[in-house]
Structures are given as structure tokens and as C-alpha cells.
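K.L.:
One structure follows; several queries about it will come next.
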Amino acid sequence: MGLSTREEQIVELLRAGSEISVNSLSEKLKVSAVTIRADLKSLSAKGIIVRARGAAMLAYHPLFSEKQSSNLESKENIAKAAASLVSDGDRIMITNGTTSALIGRYLLGKRDVQVVSNSTLLTPYARVNPNLSLTIVGGEFRPSAEALVGPVALNQLQEYHVKMTFTGTDGLTLEHGLTTHLMENAEIVRQMCKQATKRVLVADSSKFGKQGFVRIFPMSDIDVLITDSGLNPKAVEAIRNLGIEVIVV
């Protein structure tokens, strides 16, 4: 958020390699090394990169960075639709995940919104949005998910009750419901959804038909699914037949 065109280009180049020198970036983008250093200073201040020995690398875990860059347009549209469900004065929870974290971007303009989350990706949006109050639960930090998990996080989540929980998933099938690759993530999603009156799943169509290692809960535990137009119409109909509202963006 708030990146210049050249800063976005630098981030894309860094995603393709673990570390790139200032001189290499200067040659690829056809600007001076002085200009590149200024851009890197800006990106470092925003917490997006780490600078070392005349070079730069992304501040995120490589696995997370890969997830973050996939299906980005669909994720943005889904997050925007999810944010439209939030009204002034609402109390909500947002689980960690590349799609769910983007919801914070589109809460700008809402008033008196309280968010409880285990995602470290929401902090930049709280910095620039004075009407957003963010509570980050404690716990063990997992760089590959940009998330806080474990017993401390689970215990703290039990202290809150919210109108809606927005969650993502690694996999989604009619037979096995929502699934993920890590037990810790499954525990967080279950607990956050227990604390909410309404449960909203934000997942692009690439997640449908995939099955993760750990089952979170059946599809019927979700109240609303927000997805993109790539989801098969028959699958949409089957999900609606479960009594779930499906919003296609």
C-alpha cells in the first residue's frame, strides 16, 4: 500500500530472487544507484524489505511472498467485497491469510471499526487509518504465514465476541470442507469463528477442489462465501444449496 510504480517494480524483482544488489537494480530499472538507494530506504521504512551489504531482500518468508503474489487481482476484488459488509461501529475478526489481510486496505472510510486479528499484515492499515482500532493477539510468530498462533493466541481470542469473522483457507471441497496445511492455523480459524455471529469465507476460485493436510470444519459452518467468477457455476449452486450465501465478484 502506498508504493510508487518503481517501488512496485523493485518488489517484483525481489520476488524473483532472494537478494539483488543496488547496481543490479539500477541496471534493470535504468535509473541511478542514488535513486535506487532512496527507493530501498523508503521500502525498508515501510517494512517491506531488509537492506544489507549494498543489496536488498524481501522482509517476508519466501513461501509467504509466493502466496501473496498469486491471483492478486481476484484477492483484491474479494477483499473489497468483504470490506463492504462491514458497517460503522462493527467489531470483527480477521484471520491470517493473503486474501483476508487485504480486507484492512478497504476499511478506510469506515468509522469506529474494531478488528481483532492474529495477522501481522494488518498493522500498516491501522497506521494510516485513524478510524480503525486493531488488536493483535499474542502467540508464537510463524514467518511463513505472517501470523501469531498457539495457546496464548487461542486463549486471548476467547475474550472477545464479534459480529463477523473473515477467514481464508488453503483448500475447499464439498466433501471435506475447509482445510489447511498446519494444525495451528486450523485451531485459530476454529476459535475465531466460534467468537462470531457470522462467518465469512474469502477464497479465490483456485482454492476450490484442493485439500490441505488438516481439516478445519465442514463447509456448512460458513455463512457467506466471497469468491471470484472462476468458480464453476455448478459448484456455486451446490454451495448455495447448503444454505450458504455466495457472493461472486
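A short reminder: the numbers here are calculations on the coordinates, not readings from a lab. For clarity, every value in this text was computed on a predicted model and none was experimentally measured. All Cβ positions, even for glycine, are placed from backbone atoms using ideal geometry, and neighbour counts span all protein chains on display.
K.L.:
For the stretch 26-32, just list the computed ³J(HN,Hα) in residue order, Karplus coefficients 6.51, -1.76 and 1.60, θ = phi - 60°, integers in Hz, with x standing in for Gly and Pro.
P.N.:
Along the stretch 26-32, the couplings run 4, 5, 5, 9, 6, 9, 6 Hz.
K.L.:
By count of other Cβ within 10 Å, fewest leading, how are Phe217, Phe208, Phe166 ordered? Working shown, then result.
P.N.:
Working: Phe217 16, Phe208 20, Phe166 31.
Listing Phe217, Phe208, Phe166 from fewest to most nearby Cβ atoms yields Phe217, Phe208, Phe166.
K.L.:
Okay, next question. With everything on Cα atoms, drop me the angle between helix 33-45 and the longest principal axis of the chain, reported from 0 to 90° to the nearest 10.
P.N.:
Taking the Cα atoms of the chain, the angle to 33-45 is about 30 degrees.
K.L.:
Quick check on packing: order 85-95, 30-40 by the mean number of other C-beta atoms within 10 Å, highest mean leading.
P.N.:
Values: 85-95: 19.6, 30-40: 14.9.
Result, highest mean first: 85-95, 30-40.
K.L.:
Most exposed first by the Cβ proxy, i.e. fewest other Cβ within 10 Å, how do Leu121, Leu201, Leu134, Leu242 rank? Before the final figure, lay out the partial values.
P.N.:
Details: Leu121 22, Leu201 29, Leu134 19, Leu242 14.
With the fewest neighbours first, Leu121, Leu201, Leu134, Leu242 line up as Leu242, Leu134, Leu121, Leu201.
K.L.:
Using the basic label-point model (7 angstrom from Cα toward the beta carbon), what is the Ser206 to Arg37 distance in nanometres?
P.N.:
Placing both labels 7 Å along Cα→Cβ, they lie 3.8 nm apart.
K.L.:
Just the number: Rg to Rh for the stretch 87-176, Cα atoms, Kirkwood Rh, two decimals.
P.N.:
Values: Rg = 13.2 Å, Rh = 13.6 Å.
Dividing the radius of gyration by the Kirkwood radius yields 0.97.
K.L.:
Using Cβ counts within 10 Å as a stand-in for footprinting exposure, how do Lys75, Lys110 rank, fewest first? Don't skip to the answer; put the middle values down first.
P.N.:
On the way: Lys75 24, Lys110 17.
Least crowded to most crowded, the residues run Lys110, Lys75.
K.L.:
Mind grabbing the base-10 log of I(q)/I(0) for the chain at q = 0.08, 0.09, 0.10, 0.15 Å⁻¹? Debye formula, identical points on the C-alpha positions, no solvent, two decimal places.
P.N.:
Each listed q corresponds, in turn, to -0.33, -0.41, -0.51, -1.05.
K.L.:
While we're looking at this one, here's another question. With labels modelled as points extended 7 Å from the Cα through the Cβ direction, what inter-label distance (nm, one decimal) is found for Asp88 paired with Gln114?
P.N.:
A separation of 1.8 nm, rounded to one decimal place.
K.L.:
Work out, step by step, the length gained on full extension between Glu159 and Lys28: first 0.36 nm times the residue separation, then minus their alpha carbon distance; give nm to one decimal.
P.N.:
Values: separation 131, 0.36 × 131 = 47.16 nm, distance 5.07 nm.
Additional length available on full extension: 42.1 nm.
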